[in-house]
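> Mind looking over this structure? Questions follow.
The numbers here are math on the coordinates, done by the rules we state, and not lab data. These numbers were taken from a predicted model, which means no experiment stands behind them. FYI the Cβ positions are ideal-geometry reconstructions off the backbone, even for glycines, and counts take in every protein chain you see.
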C-alpha cells in the first residue's frame, strides 16, 4: 500500500475506542492518587505514560496529515501549518487550565499563590527539577507541562524532517530518553528529575509517533503489529517483572531524602515498559477490540468519562489527594459532615473514595458543558 493511497483516506476520523483508553488512563491516575499506600503498583505513572503515548500518536497523526495536505495547496507552508496546530491546541487546553489557576489563586490555594508564574508558563516540572521538591496539590500539573513543552518543538521537527526519516527520529527520541534517565540515575540525581523532565519522557511520545507513521503510511505493518493482543499481555508481564524487581533490588538512597524505593528498574526501565503497554494497547484500540474489552472501551460511561478526562485529571488533585489534602480542606470537611449524619460510611474507605470521585465527576461535567465543549467547537473553524 503506497503512501499516496493511505493519505487519501479519512485518517483523522474519530477513533471511538481511544475515548475509552482515556478513561482507563485517567482512572489509573485517580485510583493511584486516592488509594496511595493501599496498592503498591505504579498505576498512576502507567496512566500518565499511556496519556503521553496517546498524545504522541494523535499529534503526530495531525501534524503529518496537515503537512501532506498543505504540500498540495498553493498557500501551504510553515506559517499555516503552525498556526492551525497551535490555535486548535490553545482552544482545547488553555481556557480551562488558566481559569482553574485564576480561581485557585483567588481562593488562596497555597502552592498556586506561591508558584503562579511557574504554573502559568507550564513550567511545573522545571520548578520541581530546579528546587528538587514536589508542589503539593499542583504536583500533577507536571505532566501537562511536559506535553506543552513537547508541543513547542515537535511540530517544527516534523515539518522539517523528511517523511522517511520520521521513524528514525522517533527511534532517537526513545533511545535518548532512556539514556538520559540512565545518566541521571548513574550520577545519583534525585529520582524524580528523570520522572518529570520533558526529555526523559520522550520515549513515550516517540512510540506514539511511530504508531502514527505506520497508521498513515504503512497500514499493513500497523495491522500486522497491532492485530494480536499477545503483545499487550507481554508488555504487562514486563511491567510486573519491573515492579517486582524494583522491590527485590536494593534501594538507592535519594540525595534529597525523598521517600520511596527506587533503583535502576524504577528510574530507568519502568517508563519504557509502561510506554510499550500504551503502544500496544492504543494500537489495538485503533484497529478495534472485540468482546469484553470492546464493551469496556465503548460503553456510554467509558465514552463519557473519556470525553471529560482532561477535566477529571485537572481537578482531581484539588478535590482530594492522599498526600497533600489538609484536614481543613472543604471536601474533607464536607465528608465529615456527611459521616456525622451517616456514621456507617466511615466503615470503609470505598465510601469516601466514591464521594471524591462523584465530586470530581460533577466538577468535570460542569467544566465540559459550560467551558470546554463550547470553546472546543470553535476548533472546526481552523482546519487545513
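> Can you tell me which of 170, 25, 117 moves the most in a GNM of the chain? Springs connect C-alpha atoms under 10 Å apart.
117
> Modelling each spin label as a point 7 Å along the Cα-to-Cβ direction, I'd like the residue 256/residue 94 distance in nm, to one decimal.
Placing both labels 7 Å along Cα→Cβ, they lie 3.0 nm apart.
> Now for a separate question. Using a/c under 1.5 as the rounded threshold, could you call the stretch 209-343 rounded, prolate or oblate? The axes a ≥ b ≥ c are square roots of the C-alpha gyration tensor eigenvalues, and prolate needs a/b larger than b/c, oblate otherwise.
In terms of gyration-tensor shape, oblate.
> Please work out whether the stretch 101-215 counts as rounded, prolate or oblate from its C-alpha gyration tensor, where a ≥ b ≥ c are the square roots of the eigenvalues and a/c under 1.5 means rounded, while otherwise a/b larger than b/c means prolate and anything else oblate?
Oblate is the answer for the stretch 101-215, as a/c is 1.5 or above yet b/c matches or exceeds a/b.
> Contact order normalised by length for the chain, with contacts defined as Cα pairs under 8 Å and 6 or more residues apart; what percent is it?
Dividing the mean separation by the residue count of the chain yields 29 percent.
> So how far, in whole Å, is the C-alpha centre of the stretch 198-265 from the one of the stretch 15-74?
With the stretch 198-265 and the stretch 15-74 each reduced to a Cα centre, they are spaced 13 Å.
> Could you give the length gained by full extension between residue 248 and residue 164, i.e. 0.36 nm per residue of separation minus their alpha carbon distance, to one decimal place?
Taking residue 248 through residue 164 to full extension adds about 25.9 nm, to one decimal.
> Mind running the shape call on the stretch 162-285? Use the C-alpha gyration tensor, a ≥ b ≥ c as the square roots of the eigenvalues: rounded below 1.5 for a/c, prolate if a/b tops b/c, oblate otherwise.
Taking the square roots of the gyration eigenvalues as a ≥ b ≥ c, the stretch 162-285 is oblate.
> Taking springs between alpha-carbon atoms closer than 10 angstrom, which of 73, 17, 326 fluctuates most in the Gaussian network model of the chain?
73
> Among 118, 165, 134, which one shows the biggest mean-square fluctuation in a GNM of the chain, springs joining Cα atoms closer than 10 Å?
165
> At what distance in angstrom do the alpha carbon centres of the stretch 294-327 and the stretch 125-180 lie from each other?
Going from one Cα centre to the other spans 24 Å.
> Between residue 366 and residue 299, what FRET efficiency follows from the Cβ-Cβ distance if R0 is 22 Å, with the result rounded to 0.05?
That pair, residue 366 with residue 299, gives E of 0.45.
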